[in-house]
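Read through the structure below, which is laid out as structure tokens, and then see the notes.
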Amino acid sequence: MPTVRDLRAKAGDEPITMLTAYDAPTAEIVDDAGVDVILVGDSVGNVVLGHETTVPVTVDGIAHHVGAVSRAVDDALVVADMPFLSFGVDETDSLENAGRMLKEEGAQAVKLESGSHTVDLTEKMVQLGIPVMAHLGLTPQHVNQYGGYPRQGTDQEAAERMLELAIEHEEAGAFSLVLEHVPSNLAARITEELDIPTVGIGAGPDCDGQVLVFDDAVGISEWTPSFSKQFGNVREEMEAAVDDYVSAVESETFPGDAHSYEERDLEDIY
């Protein structure tokens with residue numbers, strides 16, 4: 001199983017692949033494909049649980065999914081996404097919540113939606129043995145502050161501040177950095193300045209790796225963001241399979257002889 005040191009070693013050498021997963025069957029598929037990192041994202045709130053945002057996701061909720069994924073993975077690095085208000089409010093609670101993902105649920109690292117408030121926290125977590133993946137740019141937990149999901153770092157001041165924060169988190173010990181929905185030239189500059197790997201989502205081709213939501217990548221989602229790409233149409237396959245099942249039951253062609261058996265000892269039951 002790769003370590004955070006292995007991931008750091010790939011920076012600038014070999015592209016890093018990263019996908020989300022929220023359950024054991026999906027994690028097994030992603031792991032078998034050779035993906036480097038599996039993120040158990042708080043996007044589970046939107047993708048799986050039916051919420052409009054990631055904000056309602058709880059520590060217990062993310063822990064439930066982290067455990068399911070970790071038990072199914074042999075090779076990929078499993079990263080637990082820390083949900084809204086599970087970190088950055090009280091240091092003791094932050095450390096206990098993050099530590100739980102490693103100690104009880106089997107993750108190898110946590111991801112924090114980052115800002116000036118997470119620099120010292122990142123350093124403390126790393127000191128205690130909790131590897132931290134930082135996350136700058138669009139941070140979906142701030143949806144109520146943003147009023148949506150706008151591109152970040154689009155003016156000079158914001159871009160410079162993002163670069164500063166990226167450097168500060170590297171110095172604090174973060175082993176990698178997710179850059180979400182930022183201009184590609186800004187992502188390229190940050191990648192150039194850092195020794196740790198950057199992983200982009202909607203951040204252009206010059207990051208050290210890329211991450212997508214699994215459901216977007218395989219084509220389960222009804223809608224995908226403009227910076228994503230569907231590499232399959234699993235939704236269509238699922239819809240066709242369910243339609244076939246309904247038709248088979250209604251037409252009484254399922255279950256057939258191949259799906260049933262008779263117990264000879266019960267021949268006289270009627």
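Given (1) open to solvent by less than 20 Å² (accessible area, probe 1.4 Å); (2) closer than 20 Å to ALA21 by Cα, identify the lone condition not met by GLY115.
Result: GLY115 fails condition (2) only.
If SER70 satisfies every condition in (1) open to solvent by 10 Å² or more (accessible area, probe 1.4 Å); (2) of a type in the set (Gly, Ala, Ser); (3) touching a Pro at 6+ places or on another chain (Cβ under 7 Å) but one, which is the exception?
Every listed condition holds for SER70 apart from (3).
Is it the case that GLU180 is open to solvent by 10 Å² or more (accessible area, probe 1.4 Å), within 19 Å of ASP42 (Cα to Cα) and out of contact with any Cys (no Cβ under 9 Å at 6 or more places or on another chain)?
Details: open to solvent by 10 Å² or more (accessible area, probe 1.4 Å): yes; within 19 Å of ASP42 (Cα to Cα): yes; out of contact with any Cys (no Cβ under 9 Å at 6 or more places or on another chain): yes.
For GLU180, the condition - open to solvent by 10 Å² or more (accessible area, probe 1.4 Å), within 19 Å of ASP42 (Cα to Cα) and out of contact with any Cys (no Cβ under 9 Å at 6 or more places or on another chain) - is met.
For the condition modelled with pLDDT under 95 and aliphatic (A, V, I, L, M), what is the one hit in ALA258, ALA217?
ALA258
Yes/no per residue for (1) surrounded by 13 or more Cβ atoms within 10 Å (Cβ to Cβ); (2) small (Gly, Ala, Ser); (3) in a helix (DSSP H, G or I); (4) in contact with a helix residue (DSSP H, G or I) (Cβ under 7 Å, 6 or more places away or on another chain):
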residue: VAL211; (1), (2), (3), (4): yes, no, no, no
residue: ILE220; (1), (2), (3), (4): yes, no, no, yes
residue: TRP223; (1), (2), (3), (4): no, no, no, no
residue: PHE231; (1), (2), (3), (4): no, no, no, yes
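Quick one: which of ASP42, ASP31 is closer than 14 Å to ASP81 by Cα, open to solvent by less than 60 Å² (accessible area, probe 1.4 Å) and either free of Cβ contacts under 8 Å to residues at least 40 places away in the same chain or of a type in the set (Asp, Glu) (or both)?
ASP42
Restricting attention to region 45-56, which residues are open to solvent by less than 10 Å² (accessible area, probe 1.4 Å) and either of a type outside the set (Ser, Thr, Tyr) or without any contact (Cβ under 8 Å) to a residue 24 or more places away in the chain (or both)? Can you show your working first?
As a first pass, look at region 45-56 and keep what is open to solvent by less than 10 Å² (accessible area, probe 1.4 Å): 45, 54.
Residue satisfying the conditions is GLY45 alone.
Name the single residue that is nearest to HIS65 (Cα to Cα) among those in region 130-155 being open to solvent by 50 Å² or more (accessible area, probe 1.4 Å) and in contact (Cβ under 8 Å) with a residue 12 or more places away in the chain.
HIS142
Every residue in region 1-28 that is more than 13 Å from VAL79 (Cα to Cα) and open to solvent by less than 50 Å² (accessible area, probe 1.4 Å), please.
LYS10, ALA11, ILE16, ALA24, THR26
Within the set of pairs 6+ apart or on separate chains, which have a first residue in region 178-207 that is at pLDDT below 95, a second that is open to solvent by less than 20 Å² (accessible area, probe 1.4 Å), and C-beta atoms under 6 Å apart?
Within 6 Å, no pair qualifies.
The values are calculated or read from the model by the stated rules, or taken from the named source; none is laboratory data. Because the structure is predicted, anything quoted here is derived from the model rather than measured. As a convention, Cβ positions derive from the backbone with ideal geometry for all residues, glycine included, and neighbour counts pool all protein chains shown. Surface accessibility is based on the protein's heavy atoms, side chains included, excluding ligands, DNA and RNA. Shrake-Rupley method; radii C 1.70, N 1.55, O 1.52, S 1.80 Å.
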